[in-house]
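> First, the structure itself, so that you have it in front of you.
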Amino acid sequence: MITVRIEKESYGSFIARNEGKIIFTDYVLPGELCKLRITEEKKDFAFAELAEVLEPSIKRIKPDCPNFMKCGGCDYLHTDYQTELEFKKNIIMDSIKRIGRFDFSLEIKTYASERCGYRSRCSVKSNGNQTGFYGKKTNTIMPFPAQGCILLDDAINKFILNNRITKDCRISKDASGKVSNTYSDEIIENELNFIYNHSSEGFFQSNRFLRSKMLELVIDQSAGFTQAIDLGCGCGFFTIPLSTKMKITGIDISKESITSAKKNNIANGTNALFIQCDMDSIPDRLKSADLVITDPPRAGMNTKTREIIKKIRPDKIIYVSCNPSTWARDAGDLIKSGFKLESIDLIDMFPGTMHIELISAFTYGK
């Protein structure tokens, strides 16, 4: 057991120091004096769990969910939403300084909506008797509280509470209000009057309040360009609307996603082109693009992909990221190659949680 003063927030955790060693812990707030229990110790750092808050922050509040600190879903329900958003902006700036090692002095614009009830899809765990999410850092099921999960759409909560779920499943609510609980159903969404078909297993942004705003931000950033590549296009979320304004090719490694994207191309009467391949295997005929949109997984873009983009040298890169650490690494590499970071938008697709979604724009030669 150690007693420490919490210094600051970090990506996925909070930081304190004890005898010169960095301590990572959860569910605390900067400035609090806390008693921690060391759970894992390394040479230069350690992980600890909260035992007691001795001096609470004035920003600490009572969580709205009885499962907080037990369920692995939420990280910030012990403080207000504005403080959470400030944490996320600070984490982006810290990633820029510590990982990217470049300067950025402009304002990070923030787009947020409702903190609760935003999720239109989720993966539910069941052992036949209990239904819920996994506990934090465990494979033990934490049953849903009586009122359901506060992050989920009301219709999904009602479905969970009124139906016996005996095995792991994906539960989704589509644009029509239909709730599905299988891994094979096709989900139909509608954003900015564009139709999106995708399987319940396929990736699609789960925040029903901010999906259209994300789309609007990328469309606005893409104005004036004539030829584009959309890397990690999924079911065509960005590609389909942008194909009404420019020649664009969507690329994704997932066969399922490309199948959905092609179906959406027909459903919307658009003329996008879709190719199944990895990000680092862009066909030569596409390398004259003046705009590159990239939305990679949490691992970010690999070295080969970044090298290809640098050789294409588009006038603009729009980088959508769900991981500020790997984004900062990639951004630093692009900046060293002559690109300039023009803007960062924090769009909070996952309120209450550690997850950070951002949209950034890079230009070349301006």
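The values are calculated or read from the model by the stated rules, or taken from the named source; none is laboratory data. All values reported here derive from a predicted model rather than from experimental measurement. Here the Cβ positions follow ideal geometry from the backbone for every residue, glycine too, while neighbour counts run over all protein chains shown.
> Could you check Glu216 against (1) in contact with a strand residue (DSSP E or B) (Cβ under 9 Å, 6 or more places away or on another chain); (2) modelled with pLDDT of 95 or more; (3) not in a loop (DSSP other than H, G, I, E, B) and say which number it fails?
(1)
> Pull out all pairs, ordered by first then second residue, where Cβ-Cβ is under 8 Å, the residues are six or more apart or on different chains, the first lies in segment 306-323 and is assigned by TED's automatic domain parsing to the domain that holds Ser337 and farther than 30 Å from Met354 by Cα, and the second is of a type in the set (Lys, Arg) and in a loop (DSSP other than H, G, I, E, B).
Between residues of segment 306-323 that are assigned by TED's automatic domain parsing to the domain that holds Ser337 and farther than 30 Å from Met354 by Cα and residues that are of a type in the set (Lys, Arg) and in a loop (DSSP other than H, G, I, E, B), the close pairs are Ile308/Lys287; Lys311/Lys287; Ile312/Lys287; Asp315/Lys366.
> Scan segment 2-17 for residues that are surrounded by fewer than 16 Cβ atoms within 10 Å (Cβ to Cβ) and farther than 25 Å from Ala328 by Cα and report the count.
2
> Would you please name the residue that is surrounded by the fewest Cβ atoms within 10 Å (Cβ to Cβ), looking only at residues in segment 74-125 that are small (Gly, Ala, Ser) and under 30 Å from Phe362 (Cβ atoms)? Full working, then the answer.
First pass over segment 74-125, keeping only residues small (Gly, Ala, Ser): 95, 100, 105, 112-113, 117, 120, 123.
Next, from what is left, pick out any that are under 30 Å from Phe362 (Cβ atoms): 95, 100, 105, 112-113.
Numbers: Ser95: 23, Gly100: 23, Ser105: 4, Ala112: 19, Ser113: 15.
The residue in question is Ser105.
> Could you look through segment 239-273, keep only residues that are buried (at least 17 other Cβ atoms within 10 Å of the Cβ) and of a type in the set (Lys, Arg), and pick out the one that is nearest to Glu189 (Cα to Cα)?
Lys263
> Scan segment 31-71 for residues that are touching a residue at least 40 places away in the same chain (Cβ under 8 Å), surrounded by fewer than 16 Cβ atoms within 10 Å (Cβ to Cβ) and more than 13 Å from Arg115 (Cα to Cα) and jot them down.
Ala51, Leu54, Pro66
> Tell me which residues, restricted to segment 43-87, are more than 22 Å from Pro145 (Cα to Cα), β-branched (Val, Ile, Thr) and not in a helix (DSSP H, G or I).
Of everything in segment 43-87, those that are more than 22 Å from Pro145 (Cα to Cα), β-branched (Val, Ile, Thr) and not in a helix (DSSP H, G or I) turn out to be Val53, Ile58.
> Check Lys70, Lys109 and return the single one that is within 30 Å of Gly338 (Cα to Cα), basic (Lys, Arg) and in contact with a strand residue (DSSP E or B) (Cβ under 6 Å, 6 or more places away or on another chain). Let's see the steps before the verdict.
Values: Lys70 fails: within 30 Å of Gly338 (Cα to Cα).
None of the others qualify; the one that does is Lys109.
> Moving on. Against the conditions (1) in contact with a Ser or Thr (Cβ under 6 Å, 6 or more places away or on another chain); (2) in contact (Cβ under 8 Å) with a residue 60 or more places away in the chain, where does Thr226 fall short? Just the number, please.
Among (1) in contact with a Ser or Thr (Cβ under 6 Å, 6 or more places away or on another chain); (2) in contact (Cβ under 8 Å) with a residue 60 or more places away in the chain, the lone unmet condition for Thr226 is (1).
> Now for a different question. Restrict the check to segment 16-27 and report whether at least one residue is in a strand (DSSP E or B), in contact (Cβ under 8 Å) with a residue 24 or more places away in the chain and of a type in the set (Phe, Trp, Tyr).
Yes, because at least one residue in segment 16-27 is in a strand (DSSP E or B), in contact (Cβ under 8 Å) with a residue 24 or more places away in the chain and of a type in the set (Phe, Trp, Tyr).
> Still on this structure: Of these, Lys304, Lys340, which one is surrounded by fewer than 19 Cβ atoms within 10 Å (Cβ to Cβ) and either part of a strand (DSSP E or B) or under 16 Å from the mean Cα position of the chain (by Cα) (or both)?
On the way: Lys304 fails: either part of a strand (DSSP E or B) or under 16 Å from the mean Cα position of the chain (by Cα) (or both).
Exactly one residue qualifies, and that residue is Lys340.
> Based on this model, can you work out whether Glu107 counts as in a loop (DSSP other than H, G, I, E, B), under 19 Å from the mean Cα position of the chain (by Cα) and either among the β-branched types (Val, Ile, Thr) or within 30 Å of Asp80 (Cα to Cα) (or both)? Please lay out each step first, then the result.
Details: in a loop (DSSP other than H, G, I, E, B): yes; under 19 Å from the mean Cα position of the chain (by Cα): no; either among the β-branched types (Val, Ile, Thr) or within 30 Å of Asp80 (Cα to Cα) (or both): yes.
Spelling it out, it is not the case that Glu107 is in a loop (DSSP other than H, G, I, E, B), under 19 Å from the mean Cα position of the chain (by Cα) and either among the β-branched types (Val, Ile, Thr) or within 30 Å of Asp80 (Cα to Cα) (or both).
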